[in-house]
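Just below is one structure, and these are the notes that go with it.
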Amino acid sequence: MSDPPGSGGGPTALTRVTVATGERYEVEGTPESIEAAIVGASRGSIMQLAWLTEVGTGRSIAVNPLHVVALETAPSPTVTG
C-alpha cells in the first residue's frame, strides 16, 4: 500500500478511522481505499476483519467493520528537524 516507514518514499495518504468506542486510528491509505477494505471485510465471512497499517508504527491492526463509525482524511505529518 505504501513505502515502509522511514524509507524516504513519497507522501503517503493517511486516513483517520473512528470506531464505536471513540478510539481513532491513523492508517495508511486514502479514505476510498480504506473504505473498500472495510466494505470487503464486511461482505466476507462472519467476523472477517479489515487489516490496516497504522501510521508511524507500521504495525498491522485489525478492525471489526461493524464498529467503524467514521473515516476522514488525516492531516499529513510534518517533518521536523
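The values are calculated or read from the model by the stated rules, or taken from the named source; none is laboratory data. This structure is a prediction, so every number in the text was calculated from the model and none was measured. Neighbour counts run over all protein chains shown; Cβ positions are idealised from the backbone, glycine included.
Loosely packed, with under 11 Cβ neighbours inside 10 Å, of a type in the set (Ser, Thr, Tyr) and at pLDDT 90 or above, is that true of Thr78? It would help to see each step written out before you state the result.
Working: loosely packed, with under 11 Cβ neighbours inside 10 Å: yes; of a type in the set (Ser, Thr, Tyr): yes; at pLDDT 90 or above: no.
No.
Among the residues of the stretch 37-65, which ones are in a helix (DSSP H, G or I) and over 11 Å from the mean Cα position of the chain (by Cα)?
Let us first name the residues in the stretch 37-65 that are in a helix (DSSP H, G or I), namely 37-43, 65.
Scanning the stretch 37-65 gives Val39, Gly40, Ala41, Ser42, Arg43, Pro65.
Can you pull out the residues in the stretch 16-36 that are within 11 Å of the chain's Cα centre (by Cα), assigned to a strand (DSSP E or B) and among the β-branched types (Val, Ile, Thr)?
If the condition is that a residue be within 11 Å of the chain's Cα centre (by Cα), assigned to a strand (DSSP E or B) and among the β-branched types (Val, Ile, Thr), then Val17, Thr18, Val27 are the ones that fit.
Those residues that are surrounded by fewer than 12 Cβ atoms within 10 Å (Cβ to Cβ) and in contact with a His (Cβ under 9 Å, 6 or more places away or on another chain), I need them from the stretch 12-56; list them, please.
Ala20, Thr21, listed by residue number.
Residues checked against (1) at pLDDT below 95; (2) in contact with a Pro (Cβ under 8 Å, 6 or more places away or on another chain); (3) closer than 11 Å to Thr73 by Cα:
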{"site": "Gly9", "(1), (2), (3)": "yes, no, no"}
{"site": "Thr15", "(1), (2), (3)": "no, yes, yes"}
{"site": "Gly22", "(1), (2), (3)": "no, no, no"}
{"site": "Ile34", "(1), (2), (3)": "no, no, yes"}
{"site": "Ile38", "(1), (2), (3)": "no, yes, no"}
{"site": "Leu52", "(1), (2), (3)": "no, no, no"}
